[in-house]
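These notes are about the structure you will find just below.
Derivation of every value follows stated rules applied to the coordinates shown; laboratory data play no part. In this text the structure is predicted, and so the values were computed from the model without any measurement. As a convention, Cβ positions derive from the backbone with ideal geometry for all residues, glycine included, and neighbour counts pool all protein chains shown.
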Amino acid sequence: MLIHSESEISMVHDPANFIHTIYIEESCRDLPYVQEMIQKAGKVSIKTVAEQDFSRLQSGGYVKGLSKGKRNLLLTRNKGKFLKPCPATREYRCCDYQVLNIGMNCPMDCVYCILQAYLNNPWLSFFVNVEDLISELEEAFAREPDRIWRIGTGEFTDSLALDNLTGLSAKLVNFMALRKNSILELKTKTANIENLNNLDHGGNTIVSWSLNSPHIMAQEELHTASLQDRLAAASKCAEWGYKIAFHFDPIIYHDNWQQGYAATISQLFDQVPAENIAWISMGALRFLPPLKNIVKDRFPNCKIFYEEFIEGLDGKSRYFRSQRVELYQSVYGELVKHVSPKTCVYLCMESDEIWKEVFGYNPEQQGGLPAMLDKTVT
Ligand code: SF4
């Protein structure tokens with residue numbers, strides 16, 4: 001087992017280092033939180049901009065601007081809602097997750113990233129009005145005091161990619177620590193865990209990593225932490241008492257995929273204690289149809305979209321059902337060799353039929369997917 005110290009891990013890779021310019025919306029410039037970030041930004045160029053100038057600065061074509069956009073970070077206010085239900089589809093089994101919107105886009109660059117087809121602004125943004133975010137959470141918790149909240153920040157960005165700059169994770173972990181029946185999930189492909197050390201998290205934060213086969217991680221996940229560094233970070237977080245989770249998503253057909261996923265799973269359980277893992281999800285590659293052309297344009301050598309796909313009930317392209325079952329059965333077959341009986345292994349956005357073929361039961365027979373996940377954390 002290769003053990004890194006936490007400072008070694010965070011030195012390995014920090015996607016915030018790719019940022020070239022930070023643009024600050026002028027009304028936010030004097031906020032103490034923004035001043036803290038300016039201090040941490042070091043030599044990064046800082047510019048103040050008026051809101052009416054955003055679109056002029058960000059013009060030049062969305063797809064063409066994506067690579068450059070990942071180097072420009074806009075610090076601004078979220079004027080809308082921070083907390084929203086995960087945009088799931090009725091036709092598939094969803095897990096009743098709430099998305100906490102902390103900003104948009106990601107400095108890393110996964111070839112298959114669905115955000116490329118989902119967003120319409122190529123820049124990174126981060127919302128600095130964290131007091132409003134906290135007030136909104138307080139109001140939501142007060143409105144439904146008996147509800148179990150599972151909240152994640154990793155839907156429209158990576159939860160920890162900019163954390164060395166923003167320090168947001170500590171604010172959220174400290175806030176959630178005092179809330180009963182509430183779980184915060186920080187989902188990442190980085191090893192940026194330094195800000196999570198020495199926090200009194202109260203067991204209410206899960207730190208999770210998206211994993212893939214070594215080949216996909218090396219070829220299709222640009223600027224992300226290596227498998228070794230993600231697992232070393234997970235092992236450290238487990239030592240600090242955090243619950244851990246993993247997402248095998250997207251599972252992708254490629255040469256020797258069975259061996260690839262088996263190798264990742266074997267390394268995972270070599271490094272992370274099985275009893276610390278709250279949940280593991282599996283989801284086969286699915287994407288909004290326009291993504292295919294965006295990827296063709298940005299990554300002409302990428303082969304993963306050359307398979308045959310069908311359109312699912314949610315309008316997303318997916319592998320044929322028999323292929324999805326084959327992928328899930330193989331990955332699940334490796335997971336069950338190691339997984340703790342307390343860990344919830346589940347499928348993200350799949351039908352009851354697929355659940356039955358993979359696990360032998362559907363979520364309703366276990367009380368429903370939200371209840372299955374709630375049980376692992378309460
Ligand atoms: S880490 Fe996640 S959000 Fe960032 S580019 Fe990859 S898939 Fe997209």
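How large is the convex hull of the C-alpha atoms of the chain per residue, in Å³?
Considering the Cα atoms of the chain, their hull volume per residue is 135 Å³.
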* Can you list which of the GluC sites (Glu not before Pro) found in segment 283-346 are DSSP loop residues with at most 10 other C-beta atoms within 10 Å? => Glu308
* **trypsin sites (Lys or Arg not before Pro) restricted to segment 159-197 and DSSP loop, no more than 12 other C-beta within 10 Å** => Lys180
* Structure fact -> The set of residues whose placed amide H lies less than 5 Å from the amide H of Glu350, leaving out same-chain residues fewer than 5 positions away, is Arg93
* Structure fact -> Asserting the computed 222 nm helical MRE of the chain (DSSP H runs at least 4 long, -39500 (n - 2.57) per run, divided by residue count, to nearest 500) equals -10000 deg cm²/dmol
* Cα centroids of segment 146-217 and segment 113-134: how far apart, whole angstrom? -> 16 Å
* **Ranked Thr76, Thr190, criterion: other C-beta atoms within 10 Å, fewest first** => Thr76, Thr190
* Which residues' amide hydrogens lie under 5 Å from the amide hydrogen of Lys187, considering only partners 5 or more residues apart or on another chain, with H built in the peptide plane? -> Thr153, Gly154, Ser159, Ser208
* Spin-label proximity, Gln329 to segment 273-313 - amide N less than 19 Å from point 7 Å beyond Cα toward beta carbon -> 282-285
* Label-point separation in nm, Asn129 to Asn197, each point 7 Å along Cα→Cβ -> 3.5 nm
* What list of ³J(HN,Hα) couplings, whole Hz, do you get for segment 338-347 from phi and the Karplus terms 6.51, -1.76, 1.60, once you set θ to phi - 60° and write x for glycine and proline? -> 10, 5, 6, x, 7, 7, 8, 9, 9, 9
* Length gained when the stretch Tyr118-Gln365 is fully extended (0.36 nm per residue, less Cα-Cα span) -> 85.5 nm
* List every DSSP H helix in the chain whose Cα atoms extend 15 Å or more along the helix's own long axis and whose mean Kyte-Doolittle hydropathy is at least -0.5. => 130-143, 227-239, 257-271
* Asked: Where nothing but the Cβ of Lys and Arg (+1) and of Asp and Glu (-1) is charged, how large is the charge dipole of segment 6-377 around its Cα centre, in debye to the nearest 20?
  -> 600 debye
* Asked: Do any trypsin sites (Lys or Arg not before Pro) in segment 263-360 lie in a loop, going by DSSP, with at most 14 other beta-carbon atoms within 10 Å of their beta carbon, and if so which?
  -> Lys303, Lys337, Lys342
